[in-house]
Amino acid sequence: LPRLYSGMQPSSGSLHLGNYIGALQQWRAMQDDYDAFFSIVDLHAITVPQDPAVLREQVRTLAAQYIAGGIDPDRSCLYVQSHVGAHAQLQWLLSTITGFGEASRMTQFKDKTAKGGQEAASVGLFTYPILMAADILLYDTQVVPVGDDQKQHVELTRDLSERFNKRFGKTFTVPKPVILDSGARIYDLQNPASKMSKSAETDKGIVWLLDEPARTAKKIRSAVTDTEGSIRADKAEKPGVTNLLGILSATTGRSVDDLSAEFDGQGYGAFKTAVADAVVAELAPVRERTLELLADPAELDRLLAANADRAAEVADATLRRALEAMGLR
Ligand code: ATP
Ligand code: MG
């Protein structure tokens, strides 16, 4: 099977519905067709300040949510990035063949420092894409499923791997990005012009996977819509209704066309109730399973340690090839 690599940051107390529909659901489906590595990228998370005790808990919570959301840790390798030392080591090697100008062109760094300014940002936030390249290359990854916001980083990874191979001899597999279904992009319920994001200012428009079902239903029933009253997809004119149709489609497996035909004329109240019911039906079992897994942190830690050993076996071999190719061992 072709090798797949992806990951998420443990940078919030819970995943949200956007992470679930836009990433986790799709990863789950890809497990059958790929030899998959799913990472909890804690080294990426510390590029902005984190409280150590909170971070430790968030790593466990994210691991539990991966498993509860359908990542099978016996089939796919589910591990924590910092448990495998090779990531930081390869990142250093790759940083020496990355141009400063090249790194400066990464738009995520510009976006993330637009508010606070670049002076205040850590160097780690700047070199983040090089660490991401190391993550991907260590596993001889062929396929990297990402949202469009990460596409530029995968392109950098391709450039760096090709450059390294040319300079030092064939060492890395050159990966390809697979851009995840943009129909799976979920927007903030209170502000449907922006994507649902854990860094939003208030969480009224965010459905957290660990929210209680009643709270989830309430958030969806309070979603911002419009005054027109018709239920159809129109991103520009009706972003709120379009977002709810997308959510209903992703949680029921039915097409947006089908759903708008069924619900048009029924009024927003009935429509929102249907969306709330579908989301709760999808998320309530995931929440329950997450809480069960978190009730036994020792078992979770044992599982993560075993998976880190599996990951390190692959990663260490690749790192050794890279070191030797550069004349370092
Ligand atoms: P941040 O605002 O800090 O970037 P985030 O909520 O976007 O946080 P990430 O950790 O960047 O979360 O993303 C994890 C995964 O979830 C990525 O694969 C990303 O593409 C996906 N994702 C994030 N937000 C959404 C969304 N609103 N809709 C669909 N997919 C999303
Ligand atoms: Mg993001």
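Across the cross-link table entries K195/K238; K198/K235; K176/K235; K115/K235; K198/K272; K112/K219, which are compared at the Cα atoms, the separations over 18 Å belong to K198/K235; K176/K235; K115/K235; K198/K272; K112/K219.
Accessible surface calculations at 1.4 Å, restricted to protein heavy atoms, place the chain at 45 Å² per residue. When the chain is described by a simple charge dipole with +1 on each Lys and Arg Cβ and -1 on each Asp and Glu Cβ, the residue from A322, A86, I71 located farthest towards its positive end is A322. Compared with the dominant principal axis of the Cα atoms in the chain, helix 239-252 is inclined by about 80°.
Taking a ≥ b ≥ c as the square roots of the eigenvalues of the Cα gyration tensor of the chain, is the shape rounded (a/c under 1.5), prolate (a/b larger than b/c) or oblate? Prolate shape, in that a/c is at least 1.5 and a/b is the bigger ratio.
Quick check on the chain: helices-only [θ] at 222 nm, where DSSP H runs of length 4 and up contribute -39,500 (n - 2.57) each and the sum goes over total residues. Nearest 500, please.
Result for the chain: -16500 deg cm²/dmol, rounded to the nearest 500.
Taking label points 7 Å from Cα along the Cα-to-Cβ direction, A88 and A200 give a separation of 3.5 nm.
In degrees between 0 and 90, to the nearest 10, how far off the longest principal axis of the chain does helix 123-138 point, with axes built from Cα atoms? Around 80 degrees separate the two axes. About its Cα centre, the range 148-292 has a charge dipole of approximately 740 debye under the convention of +1 per Lys or Arg Cβ and -1 per Asp or Glu Cβ, with nothing else charged.
When you filter the trypsin sites (Lys or Arg not before Pro) in the range 97-149 for DSSP loop state and at most 14 other Cβ atoms inside 10 Å of their Cβ, you are left with R105, K115.
Magnitude of the Cβ-charge dipole of the chain, K/R +1 and D/E -1, about the Cα centre, nearest 20 debye?
780
Around the Cα centre of the range 67-219, unit charges on the Cβ atoms of Lys, Arg, Asp and Glu (plus for the first two, minus for the last two) sum to a dipole of about 240 debye. For the range 1-144, the relative contact order comes to 35 percent (Cα pairs under 8 Å, sequence separation of at least 6). Loop only per DSSP, at most 15 neighbouring Cβ atoms within 10 Å: give me the GluC sites (Glu not before Pro) in the range 204-309, ordered by residue number. Sparse-neighbourhood loop GluC sites (Glu not before Pro): E228, E237. Which whole-number percent is the relative contact order of the chain (Cα, under 8 Å, 6+ apart)? It rounds to 23 percent for the chain. Among the trypsin sites (Lys or Arg not before Pro) within the range 20-100, those in coil by DSSP and having at most 12 neighbouring Cβ atoms inside 10 Å are R75.
The values are calculated or read from the model by the stated rules, or taken from the named source; none is laboratory data. Bear in mind that the values here come from a model prediction, so they are computed numbers and not experimental data. No Cβ is skipped: glycine too gets one built from the backbone with ideal geometry, and neighbour counts run over all protein chains shown. The protein model used for the area step is the full one, side chains on, heavy atoms only, and it has no ligands, DNA or RNA in it. Shrake-Rupley method; radii C 1.70, N 1.55, O 1.52, S 1.80 Å.
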